[in-house]
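Report on the following structure.
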Amino acid sequence: MDPGNWATDLAGGSQFGYTLIWVLLMSNLMALILQSLSARLGIVWGKDLAQCNRETYPKGMNFILYILAEIAIAACDLAEVLGMAIGLNLLFGIDLLWGVAISFLDTFLLLYLQKLGMRKMEMFIIGLISMIGMCFLTEMFLAKPAITGILQGFIPSIPNQAALYISIGIIGATVMPHNLYLHSALVQTRKINRDEYSIRKALKYNFWDSAIALNLAFFVNAAILILAAAVFHENGMNDVAELQDAHQLLAPTLGSEWAPRLFAIALILAGQSSTVTGTLAGQIVMEGYLRLRISPALRRMLTRLLAIVPAILVIYIAGDDEVGPLLVFSQVLLSMQLAFAVIPLIHFVSDKKRMGVFAISLPLKITAWTIAAVISILNFQLVYEEIRNWIHQFDNIWLTTALIAGGLGLLVLLLLTVIHPLIKRKKKVNMEVHPPFSPSLLSSSDAPAFHQIAIALDYSPSDKQVVSYALKLAQPDTRFILIHVVESASSRMMEEDTDDYEKRHDEERMAKYLTIFKEKGHDAIFEVGHTGRVKFIAQICKDYQADLLVVGSHGHRGIKDFIYGETVNRLRHRVNIPVFIAQ
């Protein structure tokens, strides 16, 4: 339900009336079939689409497929950013540039929802979509569309090139390629037995789950298109493709001040409801293709920045008027990536060797390949038309060469996507995220002796435990390096040149510690630093070639880490020796 749907539905409804309703229905049926195939792959094969691609296609080709998947995710997030910015502008009058910047904040909302768990996240999205549906049901009641016109819209027809462009955008907005990656992974979050009955039961429930969700989405999408057809097209306003224009014209046309408000509220909700998709899909494709796992927070920020930067550039350079066309283009871009996700998916669920009795039947296989063919032909027809227009418009030999090479490259990649899974691979691909297991890792061996033990002391009650554990881990000939960092304000500014009370007191106390170790028969020295706890402790460990570092737990976390500073977690990544944390 991302705002990209809105842009394509509004453009289609205002320009062509009810004519393109059949495209929405066809897109919905395509999405249902492809989502069910995606669920089948995840449940039966036990791997997501990205992992299966990595296992099947060559390394270089997988990297290109990964880049295409990331482009699709960025295009989806771009639509959400623009939709959020437009919604805030319409409802509160916030400038679009500021709205784009504010959209970065929903990153933290997503991270909070992820902590609550997948089921609560699902309920949050369902709640948002329900509110969007209620907003449009109210507006449909005010618009009073023609039933005969709606029924005629189910008769397939594409009047011209502009209708083809919008139709492809509608397909891309409905059957989003990265959702196929996401769905094949999310179905694995529900535990099932691996017998045939349980798998068939899971497939059935997942089909109805997708059918209900996608049909609800179809009714909301159809409501947007029908609203645009009834309010704008039938009143001679055939060029209302901008969300801002639609918002301004709803009140005078429908005679209600609530119509534009509901429109803006629903638009903001739509952006929030779909922002989850891009981030989760991004994590899945990155792990599946590259075996690279990064922090969800970092992944979310990168995804959002990839969307915010082009949005800000377009608004700043071209102005607010280009936001609407950019929204539609983002959905066309989504559609152009679709074939590169659909074709491998069909190959995998048709593989009788891997799928067994759950391989798709011949009629379903024919239907799926027909869908892939329709998507591919429509997209390449659009690419051909766009390349031809650009060549005539700019008349530049270098641009012409680059466009033709790019188009041919996409065609070759598509053909390889079709052909390569039919060729049996001899080389086995390593699918493990972690290093291979070796029984020798767990075989009994003598633990190394610690001859140089560094101890970080902070003069807190935890020092007692730190010293106690350090002595237990020591050998008779172990030397101890006692470390403390003075953190007074003057010490931080002047470092070793300072001679304040805290520095003198800390050095006196360190000398007392030294005496205790020497009384127990151990050689010991101490080092006192003045700034940069983590850096100083790590450097001392390196300088003295310590075998072990013993530190105490500071006993605080979360906001207190920010207030007081946090050492242990950062320190363990800065040293290349074992770290013992005394609680």
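Where a number appears in this text, it was derived from the coordinates with a stated rule and is not lab data. Fair warning: this is a prediction, and the values are worked out from it, not measured in the lab. Backbone-built Cβ (ideal geometry, glycine too); neighbour counts: all protein chains shown.
Quick notes on this structure:
- Peptide packing: for 285-291, 92-98, 60-66, 478-484, the average count of neighbouring Cβ atoms within 10 Å per residue gives the ranking 478-484, 285-291, 60-66, 92-98, highest mean first.
- Neighbourhood net charge (12 Å Cβ-Cβ; Lys/Arg +1, Asp/Glu -1) for HIS451: -2
- Phi-based couplings in Hz for region 570-583 (Karplus 6.51, -1.76, 1.60; Gly and Pro marked x): 6, 5, 5, 8, 9, 10, 10, 10, x, 10, 9, 9, 8, 8
- Extension gain, LYS365 to LYS542, is 57.5 nm, computed as 0.36 nm per intervening residue step minus the present C-alpha separation.
- Rounded is the label for region 3-422, because the ratio a/c of its alpha-carbon gyration tensor axes (a ≥ b ≥ c) stays below 1.5.
- Here's how it looks for LEU482: its modeled amide H is under 5 Å from those of ILE455, ILE525, PHE526, GLU527, which are all 5 or more places away or on a different chain.
- Calculated FRET value between ARG200 and SER468, using beta carbons and R₀ = 51 Å, to 0.05: 0.30
- Remark: region 402-408, residue by residue, has Karplus-estimated 3J(HN,Hα) of 5, 5, 5, 5, x, x, 5 Hz, where x stands for each Gly or Pro and the curve is 6.51 cos²θ - 1.76 cosθ + 1.60 at θ = phi - 60°.
- Across region 191-202, coupling constants 3J(HN,Hα) worked out from phi with the 6.51/-1.76/1.60 Karplus curve, θ = phi - 60°, read 6, 9, 6, 9, 7, 4, 4, 5, 5, 5, 5, 5 Hz, and Gly and Pro carry x.
- For peptides 8-20, 399-411, 519-531, sequence by mean Cβ density within 10 Å, most packed first: 8-20, 519-531, 399-411
- Put simply, when 138-149, 367-378 are sorted by average Cβ atoms within 10 angstrom per residue, most first, you get 367-378, 138-149.
- Taking TRP6, TRP208 and counting other C-beta atoms within 10 Å, the order from fewest to most: TRP208, TRP6
- Under a 5 Å amide H cut-off, with hydrogens placed 1.01 Å from N, LEU548 pairs with GLN452, ALA454 among residues at least 5 apart or on other chains.
- Sites ALA511 and HIS573 - FRET efficiency at Förster radius 51 Å, r taken between beta-carbons, to 0.05: 0.95
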